[in-house]
């Protein structure tokens, strides 16, 4: 008798949101969003939405609330620094039910291995309903490095949100 074929997990749905005034005005090409989407697809996520919004709390909150109804993971890039227009963490906190501090801590810890400026990143990770929301820096390299630092945690976190809490 042949062994049963392994069950292939369906890709987790994801959205990528670039938060940048200049990209929203089409004055600058968005390089971080496409890089993040490409890495997510390589990690077997299904990127079903990509959007660009300005550094504006209301716009960010609106897009996070809307997309959280349709995907299991939202990854933002941009607006996590300390400039006056960097409001992504504040908007994310407002829409999240709970924060997951350890994920953001891990991203910063890994980033510090490459640059002391990682300590200036204020990105957060949180949960809205069944959706995980993750803030990444705006630079393509910083965004990719931060996502790679926590990529192995994301499927398990989403499983936990789905109620799969049994221990193996």
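Where a number appears in this text, it was derived from the coordinates with a stated rule and is not lab data. From a predicted model like this one, the values you see are computed outputs, not experimental measurements. Don't worry about glycine lacking a Cβ; one is built from the backbone with ideal geometry, like all the others, and counts go over all protein chains shown.
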Check your understanding: Among 19-28, 124-133, how do they line up from the highest to the lowest mean number of other beta-carbon atoms within 10 Å?
Key -> 124-133, 19-28
Check your understanding: Ratio of the chain's C-alpha Rg to 2.2 N^0.38 Å, to two decimals?
Key -> 1.04
Practice item. Using only Cα atoms, locate the centre of the stretch 51-68 and the centre of the stretch 29-46, then give the distance between them in Å, rounded to an integer. Key: 18
Check your understanding: Add -39500 (n - 2.57) for each DSSP H run of 4 or more in the chain, then divide by its residues: what number comes out at 222 nm, to the nearest 500 deg cm²/dmol?
Key -> -11500 deg cm²/dmol
